[in-house]
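Heads up: the structure comes next, in structure tokens.
The values are calculated or read from the model by the stated rules, or taken from the named source; none is laboratory data. The structure displayed is predicted, hence computed values, not measured ones. Neighbour counts run over all protein chains shown; Cβ positions are idealised from the backbone, glycine included.
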2 protein chains.
Amino acid sequence: MSSSHDLRPAVLIHRIPSFAFPFAHALSPYFTLIDPVHDNPSPDSLLSVRAVLCFGPSPVTVHTLRALPSLEILVVTSAGLDKIDLDECRRRRIIVTNAGPAFSEDVADCAVALLIDLLRRISAGNRFVRSGAWRRNPEGDRLAVRVGGKRVGIVGLGNIGSLVAKRLEAFGCRIAYTSKRRKPSVQYPYHATVLDLAAHSDALILCCALTEETRHVVNREVMTILGKGGIIINIGRGGLIDEEEMVRLLVQGELGGVGLDVFKNEPHVPEELRQMDNVVLSPHCAVLTPESMEAVKELVVSNLKAFFANEPLQAVVPLE
Amino acid sequence: MSSSHDLRPAVLIHRIPSFAFPFAHALSPYFTLIDPVHDNPSPDSLLSVRAVLCFGPSPVTVHTLRALPSLEILVVTSAGLDKIDLDECRRRRIIVTNAGPAFSEDVADCAVALLIDLLRRISAGNRFVRSGAWRRNPEGDRLAVRVGGKRVGIVGLGNIGSLVAKRLEAFGCRIAYTSKRRKPSVQYPYHATVLDLAAHSDALILCCALTEETRHVVNREVMTILGKGGIIINIGRGGLIDEEEMVRLLVQGELGGVGLDVFKNEPHVPEELRQMDNVVLSPHCAVLTPESMEAVKELVVSNLKAFFANEPLQAVVPLE
């Protein structure tokens, strides 16, 4: 498709080769795609690239960025930016856009699903029936915990956290939150620290971005104060939790349960977690619905078109 | 505890012997409990019994009732009355009370949990991670379906159905219902038949009682019109669905998925269901939380006290 007479501006696709890239059809009418997975571009041909589409969890390091001296915009398909060198983008004044709210509904649904699964033991009950154990033991361990009345602490009350709160209010949960700062428009009780929130919660739901400030924001102290009945749901990033400590506390029975869509070192999941009944594991798929994929595809195409037309962008990440 | 000088009125406990009966402590300060599991009462001693507490899924047949000629009240701990001979109770003017709304929140939560589990493939994803398949195949089949926007048809908009609707509205689902008659105070679209509701729904949630009118209310025709992508959630009674037909349609790929807490012949679950990824199975535990158990215990004690004190009863089942 690329030729010297091609007027379509060049967009470099940055992705993990094993990941399928379903956006090519939507982009190629407007852009000349340079996809190193197929095209093997020379380093020289990258010197003039102004726009990169970063698809999926592909790290954008300072080395990636150094190979692209003309880069002006990095269009990222994920919500999280923990694999992007934002300091370098800031220094070079590269615009970064992300998924914005395109995934928020699906991620919030996943968080709520994991919490209710743990409280009501849906996956555990499913295993009990599938294994034939119910038939052998009709009065087996089937007792769960009511959802209503539970004190749910939301860590990070952005798009996703707010949608989680809305859903859980309909179940009669009592919502509180922590966030970089108190949100004046929100009526839920605010706690200044995750530790204080944990001390007043039956469950924590991690809805914040992974940054240097939030790495291991759920540490041993937070999990200990959450306690034997306490539940943690993580749909943010694995690095938000001290995973080794979490596994240790679960093994020792000092934490009630966890529902995880994200892990420290995906797709590696600690073996101990895969054996426990009070653990629900999800293969980092909170955003994986056709509806989310369609929404982010539209956002990405729209942002790249807007960039080359000098028009306003959506979902720009504030870097200052 | 029973003696001729005992002034506590007699209450006969009617239960399946293998089921634990945790209410004895709460009842015995007020009543002389006759529990055939322990007491082996003579048929004669039953002739004067005025009150029976029916605990769990214990059938109350015309034969049970004939042995109790003085029976005036049947206090049932379940919500469903499909194992009670209500015709005979009506004929003999025996008052029947049930669990009323004591279980409604928990059952509604279970229904929503089963629906979201199916749409978002929570249990399937959990199996994928636990089995180690995710590690071997990081890009394996993880695509789910968005909850928001789904058309959910509620069959029976009573206590439970209304709470299901309230929860699913918070997820952005579009609610419609069928019921014996249109409810003037409800704004959701009404369909006069289950078939018509199914024709306009992505998922059906069965929240009605099992009666002669509702037996197999979900038949082949309803399931066929619901179609390949259609989902059925059943937290009512197994007999609401033609189970053999449902299994056949699932095996043939002509029904999208099912989430079941109840079955035709519990604890027997058809083998085919235990093998499918688009099926979530729950061991009839929708009501089994400490909170529900406590609420129904209070209701039962209160109703038996009220009966013997000639005071108003709660959760009386209309039999006319």
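Here are the numbers:
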| item | result |
| --- | --- |
| Test: residue in region A:239-247 that is touching a residue at least 24 places away in the same chain (Cβ under 8 Å) and within 13 Å of chain B (Cβ to nearest Cβ) | no |
| Evaluation of A:ARG66 against (1) farther than 23 Å from A:GLY156 by Cβ; (2) buried (at least 20 other Cβ atoms within 10 Å of the Cβ) (one fails), failing number | (2) |
| Per-region count, region B:23-63, residues assigned to a loop (DSSP other than H, G, I, E, B) and in contact (Cβ under 8 Å) with a residue 40 or more places away in the chain | 7 |
| Region A:160-204, subset within 16 Å of A:GLY149 (Cα to Cα) and among the β-branched types (Val, Ile, Thr), residue surrounded by the fewest Cβ atoms within 10 Å (Cβ to Cβ) | A:ILE175 |
| Segments classed as strands (runs of 3 or more DSSP E), wholly inside region B:145-233, with at least 2 members that are of a type in the set (D, E, K, R) and within 30 Å of B:LYS83 (Cβ to Cβ) | none |
| Residue match in region A:189-199 (condition: more than 17 Å from A:ILE233 (Cα to Cα) and either within 12 Å of another protein chain (Cβ to nearest Cβ) or hydrophobic (A, V, I, L, M, F, W, C) (or both)) | yes |
| Matching residues in region B:252-305 - criterion: being more than 12 Å from chain A (Cβ to nearest Cβ), hydrophobic (A, V, I, L, M, F, W, C), crowded, with 20+ Cβ neighbours inside 10 Å and in a helix (DSSP H, G or I) | B:VAL296, B:LEU299, B:VAL300, B:LEU304 |
| Wholly within region B:73-139, helices (runs of 4 or more DSSP H) carrying at least 2 residues that are in contact with a strand residue (DSSP E or B) (Cβ under 6 Å, 6 or more places away or on another chain) and surrounded by 22 or more Cβ atoms within 10 Å (Cβ to Cβ) | B:104-120, B:122-130 |
| Selection status of B:VAL49, of a type in the set (A, V, I, L, M), out of contact with any helix residue (DSSP H, G or I) (no Cβ under 9 Å at 6 or more places or on another chain) and modelled with pLDDT of 95 or more | yes |
| Which numbered condition A:GLU294 fails, given (1) in the same structural domain as A:ARG92 (by TED's automatic domain parsing); (2) closer than 22 Å to A:CYS110 by Cα; (3) touching a residue at least 12 places away in the same chain (Cβ under 8 Å) | (3) |
| Qualifying residue in region B:101-112 (condition: touching a residue at least 12 places away in the same chain (Cβ under 8 Å), within 16 Å of A:GLY125 (Cβ to Cβ) and more than 8 Å from chain A (Cβ to nearest Cβ)) | yes |
| Filter result for the condition that a residue is more than 25 Å from A:GLU266 (Cβ to Cβ) and β-branched (Val, Ile, Thr), over A:VAL62, A:VAL11 | A:VAL11 |
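Here is a yes/no grid of residues against (1) acidic (Asp, Glu); (2) over 16 Å from the mean Cα position of the chain (by Cα):
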{"site": "A:GLU271", "(1), (2)": "yes, yes"}
{"site": "A:ALA286", "(1), (2)": "no, no"}
{"site": "A:PRO290", "(1), (2)": "no, yes"}
{"site": "A:LEU299", "(1), (2)": "no, yes"}
{"site": "A:LEU304", "(1), (2)": "no, yes"}
{"site": "A:PHE308", "(1), (2)": "no, yes"}
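Residues checked against (1) small (Gly, Ala, Ser); (2) touching a residue at least 40 places away in the same chain (Cβ under 8 Å); (3) in contact with a Pro (Cβ under 7 Å, 6 or more places away or on another chain); (4) closer than 23 Å to B:GLY256 by Cβ:
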{"site": "B:GLY132", "(1), (2), (3), (4)": "yes, no, no, no"}
{"site": "B:ARG135", "(1), (2), (3), (4)": "no, no, yes, no"}
{"site": "B:VAL147", "(1), (2), (3), (4)": "no, no, no, yes"}
{"site": "B:VAL155", "(1), (2), (3), (4)": "no, yes, no, yes"}
{"site": "B:LEU168", "(1), (2), (3), (4)": "no, yes, no, yes"}
{"site": "B:ALA199", "(1), (2), (3), (4)": "yes, no, no, yes"}
